[in-house]
Structures are given as structure tokens and as C-alpha cells.
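Engineer: Below are the C-alpha cells for one structure; questions will follow.
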Amino acid sequence: MNDRLQELIATIKKLEQELIVELQKKEAEYSYEIRNKKVYFEQAIRRRHRYLLETARHYLRHAALVNILTAPFIWACLFPALLMDLMASVYQFVCFPAYNIPKVRRSDYIVIDRHYLSYLNWIEKINCCYCGYFNGLISYIHEIAARTELYWCPIKHARRTRASHNHYHNFFDYGDAERYRRELNKIRAKIRDLS
């Protein structure tokens with residue numbers, strides 16, 4: 001990898017750390033803290049949140065008709081998602097040890113914590129749990145697929161992709177056959193260092 005790419009990757013990592021610091025400032029701004037994966041608000045903030053709660057009846061009465069009509073289609077995606085969750089977990093449980101790839105921790109990706117917000121009614125909380133699960137699941141599967149791709153075919157695409165995963169910068173350049181043949185086993189050995 002050339003020096004400019006390494007410099008850009010270092011810049012991205014530095015920005016990610018700055019983002020974490022800014023997010024931690026939000027914890028202080030909104031008076032909450034996280035202990036053992038549970039969110040705790042100060043009592044005055046909880047009272048304010050409960051005051052801003054919109055009842056489920058009021059929420060449904062004022063919901064757009066299109067939201068109500070499309071909700072079953074959104075929720076119908078839950079069944080394939082659960083199956084995909086199961087299959088991805090079984091896949092990495094069976095295959096990753098065989099390839100010496102560290103398993104992806106599901107709990108690092110699927111975060112369900114919006115139900116702690118007392119300004120959400122029960123419908124909003126259920127919907128937020130669904131979104132947290134579904135989007136976390138996509139991220140979880142994305143990382144499993146990324147680690148699989150890193151092991152089996154770590155070659156960049158010739159065409160530019162809209163988005164790439166965290167391991168893509170380690171891939172071989174498209175068309176660099178010599179380096180691919182020479183260093184494929186080195187990349188596979190480095191996979192063991194993933195956490």
C-alpha cells in the first residue's frame with residue numbers, strides 16, 4: 001500500500017476518534033450515562049421526557065395514512081431478517097474457525113437501546129427496536145461478509161463502489177496478479193488479528 005493511502009487511512013481513524021469524543025459530549029449534554037449497556041438519565045430529564053410523551057392513541061390518530069398502510073410491509077421483512085440472522089450466525093460459527101477468522105460479535109452491531117427513552121410511546125419504542133435490530137443486523141452481516149471477502153477474494157473492484165467495508169483498503173489492486181499470488185497468504189494470516 002502506498003504512503004498516500006496509509007496517510008488517508010490514518011486520517012480516517014483520527015476522525016473516527018474525534019467522532020467518539022463528540023458523541024461522548026452528547027452524553028453530558030443530554031444528561032445520560034451508559035452503565036453495563038443500559039442508559040440512565042438524570043431524574044429531571046426523565047420527568048421532562050415523560051412530559052413530552054405523546055400517547056399511542058394520539059400518535060395513531062395523527063399518523064399519516066401512508067405510514068399505517070405501509071407498516072405491514074415493513075414488518076413483513078422481520079421474518080427474512082430473523083432467518084438471515086440465524087444463517088449468518090451459523091455460517092460464521094461453522095466456517096470462521098476453519099479459516100482462522102475471528103468471529104464477529106453480534107452485540108457490537110445490534111444495539112437496541114431506544115426503548116429507554118421515556119418520551120417515546122410503546123408504538124414508537126417497538127418501531128425503534130425493530131430499526132435498531134434490522135440496521136444492526138445489516139451491519140453485522142456486512143462485517144461477516146467483509147471478513148469472508150478478505151479471506152477468499154481480497155481484490156478491489158475495477159469499478160468504483162458506492163460504499164466499502166473497513167477491510168477494503170487492505171485488498172489488492174485490481175489487476176495486480178503478482179502481488180495477489182505473492183501476498184494472499186500474508187493477508188489471510190493477518191485476519192487472525194481482527195477483533
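The values are calculated or read from the model by the stated rules, or taken from the named source; none is laboratory data. All values reported here derive from a predicted model rather than from experimental measurement. In this analysis, Cβ positions are derived from the backbone assuming ideal geometry, glycine residues included, and neighbour counts consider all displayed protein chains.
Engineer: Regarding the range 68-91, can at least one residue be identified that is at pLDDT below 95, exposed (fewer than 13 other Cβ atoms within 10 Å of the Cβ) and not hydroxyl-bearing (Ser, Thr, Tyr)?
Structural biologist: The answer is yes, given that some residue of the range 68-91 is at pLDDT below 95, exposed (fewer than 13 other Cβ atoms within 10 Å of the Cβ) and not hydroxyl-bearing (Ser, Thr, Tyr).
Engineer: Residues being of a type in the set (A, V, I, L, M) and crowded, with 17+ Cβ neighbours inside 10 Å: count how many of those fall in the range 126-145.
Structural biologist: Residues flagged as of a type in the set (A, V, I, L, M) and crowded, with 17+ Cβ neighbours inside 10 Å within the range 126-145 amount to 3.
Engineer: Go through the range 126-182 and report how many residues are more than 22 Å from LEU194 (Cβ to Cβ) and either touching a Leu at 6+ places or on another chain (Cβ under 6 Å) or not in a helix (DSSP H, G or I) (or both).
Structural biologist: 7
Engineer: Could you list all residues from the range 74-132 that are out of contact with any Asp or Glu (no Cβ under 7 Å at 6 or more places or on another chain), of a type in the set (Phe, Trp, Tyr) and touching a residue at least 12 places away in the same chain (Cβ under 8 Å)?
Structural biologist: TRP75, TYR91, PHE96, TYR99, TYR116, TYR119, TRP122, TYR130
Engineer: Among the candidates ILE123, ILE101, ILE112, single out the residue that is under 30 Å from ALA44 (Cα atoms) and either of a type in the set (Ser, Thr, Tyr) or not in a helix (DSSP H, G or I) (or both).
Structural biologist: The unique qualifying residue is ILE112.
Engineer: Could you list, in sequence order, the residues of the range 34-44 that are surrounded by 12 or more Cβ atoms within 10 Å (Cβ to Cβ) and either more than 15 Å from HIS115 (Cα to Cα) or acidic (Asp, Glu) (or both)?
Structural biologist: Within the range 34-44, just GLU42 meets the criteria.
Engineer: Scan the range 146-168 for residues that are surrounded by fewer than 17 Cβ atoms within 10 Å (Cβ to Cβ), charged (D, E, K, R) and touching a His at 6+ places or on another chain (Cβ under 8 Å) and report the count.
Structural biologist: Final tally of qualifying residues: 1.
Engineer: Then there is this: In this structure, does ARG35 turn out to be farther than 25 Å from ASP108 by Cβ and either at pLDDT 95 or above or out of contact with any Cys (no Cβ under 9 Å at 6 or more places or on another chain) (or both)?
Structural biologist: When the stated conditions are applied, ARG35 does not pass them.
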